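The values are calculated or read from the model by the stated rules, or taken from the named source; none is laboratory data. Keep in mind that this is a model prediction, so the values were computed, not measured. Cβ atoms come from the backbone with ideal geometry, glycine included; neighbour counts cover every protein chain shown. Note: accessible area is taken over every heavy atom of the protein model, side chains too, but ligands, DNA and RNA are not part of it. Shrake-Rupley method; radii C 1.70, N 1.55, O 1.52, S 1.80 Å.
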Amino acid sequence: MLGLMDGAGSAGPESRGRGQPAVKIAHAVEVHRLAVAGREPAIAREVGRGVARVWLATSRFADVVALASATLSLGPDAGAFYDRGWALSSTGQPRPALADYEQALTLHREADNRAGEAATLASIGRVYNGLGDRRQALTYYEQALPTLREVGDRAGEATTLNNIGLVYNDLGDHQQALTYYEQALPIRREVGDRAGEATTLNNIGLVYNGLGDRREALTYFEQALPTLREVGDRAGEATTLNNIGLVYNGLGDRREALTYFEQALPTFREIGDRASEATALNNIGGIRFQEGDLTGAVEALHEVIDLVRAVGDRGAEALVSFNLAVLFARMARMDDAVGILRRAISLAEATEHPDLPAMRAFLTQFQEQKG
């Protein structure tokens, strides 16, 4: 059977300034523009950071990149590097995001800003997780967590607990993932982080889906979706739509699954999230495969491979390549299947992908058939 990629909703750094009236934001944007034009770095940094907090919370990532870049034209600033790194990471540009986060980390450490250091460490971990380097991600999260607790950043602590859970889920350790999510959820409720609560609800749903309890998974996703819409989190909304599609596919309702995947796809494109666009396309390709449209499925998966290579996610490339090998085998294109399957195994070995045993077994089956 063709595997489907989970579009797990990982929370980013904590957002502040949600729900600001549009007129106030417009005024702040104009103040920022004038400060940059007048070479007033202190004003540009303070006002720009406030605007970035609001825009990041509503997935206006391209606007944040432009805003932070304008601030940085006045000189180095940890906050602007951090915000631009977050926006770049959220739009499938992990390497430039890492460069910005590392600049922010250096500046925070020079200023002995422990809170900023911890938040940046956690964000670097999130980028590495997106790149498929789970162990490196855990290293950064585990550096961040005690410092977040030390400085009393409960929201940041919850985000990092959530993201450690995400790593364990990606490694196939669903019970350990659930342990971390269940630590994060009450903290998010305690601090009133509605968007973060929805993210963790979404991730708990993913665990239950991975454990085969589809109905329980759907319960959590359906709790998350209206909250994400309420707070204007377009990226989180699209992720949850994708995950509801996964549940319906698991329940055998392919038409309903396709409806949700096709709702998610244009939003991922709209916000510029190429990694999640690849997830939705991969899942659409899976439905086409299941319905017997093998040529359509191959077209979708070739597009997915281009996207995941562009963002550098080797784990995702391994899974999609495996899916494509299955398709080629189904179409009796055995040489193509073996070639891409070897590539998938190499990538899976490098990223400790949980589907590696299945890939090796499939290759053994091919070799026995040829023999």
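Where the centroid of each part is defined by its Cα atoms, how far is the range 297-340 from the range 195-251 in Å?
Distance between centres, Cα-based: 26 Å.
Taking the Cα centre of the range 41-101 as origin and charging only Cβ (+1 Lys, Arg; -1 Asp, Glu), how large is the dipole, in debye to the nearest 20?
Working: 6 positive and 5 negative charges, 16 e Å.
Dipole about the Cα centre, nearest 20: 80 debye.
Highest mean first, how do 64-72, 157-165 rank when packing is the count of other Cβ atoms within 10 Å averaged over residues?
Result, highest mean Cβ count within 10 Å first: 157-165, 64-72.
Any idea what the dipole of the range 144-244 comes to, in debye rounded to 20, about its Cα centre with Lys/Arg Cβ at +1 and Asp/Glu Cβ at -1?
160
Could you order peptides 50-59, 272-281 by the average number of other Cβ atoms within 10 Å of their residues, highest first?
Ranking the peptides 50-59, 272-281 by packing returns 272-281, 50-59.
Any idea which of P186, V247, L225 is furthest toward the positive side of the dipole for the range 174-247, if Lys and Arg beta-carbons carry +1 and Asp and Glu beta-carbons -1?
It is V247.
Using +1 on the beta carbon of Lys and Arg, -1 on that of Asp and Glu, and nothing else charged, what's the dipole of the chain about the Cα centre, debye to 20?
Dipole magnitude for the chain comes out near 360 debye.
To the nearest 0.05, what FRET efficiency results for T106 and H302 with a Förster distance of 45 Å applied to their C-beta separation?
With R0 = 45 Å, the Cβ-Cβ based efficiency is 0.65.
Charges on Cβ only, +1 for Lys and Arg, -1 for Asp and Glu, centred on the Cα centroid of the range 298-371; of A325, L356, V338, which one is farthest towards the dipole's positive end?
Projecting each Cα onto the dipole axis, the largest value belongs to V338.
Taking all protein chains in place and a 1.4 Å probe, what share, in percent, of the accessible surface of the chain do carbon and sulfur account for?
Values: 7380 of 15320 Å².
Reported share for carbon and sulfur atoms: 48 percent.
Any idea of the accessible area per residue across the chain, 1.4 Å probe, to the nearest Å²?
Accessible area per residue, the chain: 41 Å².
Could you give the nm distance between label points at A332 and Q367, where each point is 7 Å from its Cα heading toward the beta carbon?
With each label placed 7 Å out from Cα toward Cβ, I get 2.6 nm.
Between (i) 21.6, 87; (ii) 21.0, 74; (iii) 29.4, 85, which matches Rg and Dmax of the Cα atoms in Å calculated for the structure shown?
It is the one labelled (ii).
With a 10 Å radius around each residue's Cβ, average the other Cβ atoms per peptide and rank 143-155, 328-340, highest first.
143-155, 328-340
Could you check the simple spin-label distance between A37 and R149, using points 7 Å along Cα→Cβ, in nm with one decimal?
That separation, rounded to one decimal, is 5.0 nm.
Among L206, A97, A264, whose Cα sits farthest toward the positive end of the charge dipole of the chain (+1 at Cβ of Lys/Arg, -1 at Cβ of Asp/Glu, about the Cα centre)?
Comparing the listed Cα positions along the dipole, A97 ranks first.
What angle, in degrees between 0 and 90 and rounded to the nearest 10, separates the Cα long axis of helix 356-370 from the longest principal axis of the Cα atoms of the chain?
Rounded to the nearest ten degrees, it is 30.
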